[in-house]
Amino acid sequence: MTKDDCYQLGKITKTHGVQGELVFFLDVDVPNVYDELDSVLVEVRGELVPYFIESISIHRNRAIVGLEDVDTIEAAQKLINCDLYLPLENLEELDEGAFYFHEIVGFLVRDEKMGDLGTVRTVYSMSTQDLIVMDYQGQEILIPSNSDIVTTADREQKVLNVRLPEGLIDLYLEEGAGKKEQPDDEDEPIDSDEPTFPDED
């Protein structure tokens with residue numbers, strides 16, 4: 001099985017305790033659906049190696065996991081920073097128009113008023129809300145992922161249909177232009193605050 005047949009589940013970030021347990025970062029929409037996972041593919045030196053899971057405890061997007069045959073801290077340390085994968089066939093089929101975040105990377109973003117805008121580069125999973133990252137005219141635009149803004153995903157055409165809040169694009173373009181025009185002066189530091197979004201009804 002190759003990575004083309006899989007989706008990325010997350011990454012092994014560190015060891016836990018001295019009995020070989022590991023901490024997984026689960027880079028998925030709903031981590032708790034994996035609380036009965038019985039096996040996982042670990043990318044080791046470019047190869048996907050299957051491991052059976054003996055124990056798993058999930059809290060938010062972190063999981064403490066015991067893998068079969070990994071029962072010492074030395075064995076566990078060899079797997080730190082390895083990526084985790086699962087076969088695509090493991091994914092539940094979604095309703096038409098719904099999507100998994102990993103599916104929409106590379107999709108064209110199409111606004112109902114502005115038309116075609118740019119492409120999806122990645123998705124940030126945040127504690128408050130998930131943000132879709134779009135490349136637009138050389139600028140990174142963050143789009144809140146909620147049903148009022150992101151309406152549907154057309155898998156066949158690879159198009160993400162959105163209804164962007166008025167002024168969202170301009171906010172980022174103005175901020176980008178302001179940073180470029182800011183003089184190189186220690187007395188006038190560049191404002192590094194994160195952009196805010198218009199209030200939602």
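Nothing in this text is a laboratory measurement; each read-out follows from the coordinates by a stated rule. Only a predicted model underlies this, so the values are computations on that prediction, with no experimental measurement involved.
For Leu173 and Thr72 in the same chain, what is the full-extension length gain: residue separation times 0.36 nm, less their Cα-Cα distance, in nm?
Difference between extended and current length: 31.2 nm.
Based on the alpha-carbon gyration tensor of the range 3-89 and its eigenvalue square roots a ≥ b ≥ c, which shape applies: rounded if a/c is under 1.5, prolate if not and a/b is larger than b/c, or oblate? All intermediate terms of the calculation are to be shown ahead of the outcome.
Details: a/c = 1.68, a/b = 1.19, b/c = 1.41.
Judged from the Cα gyration tensor, the range 3-89 comes out oblate (a/c at least 1.5, b/c at or above a/b).
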Express in nm, to one decimal, how much length is gained between Arg121 and Glu166 on full extension, taking 0.36 nm for each residue of separation and deducting their alpha carbon distance. 14.0 nm
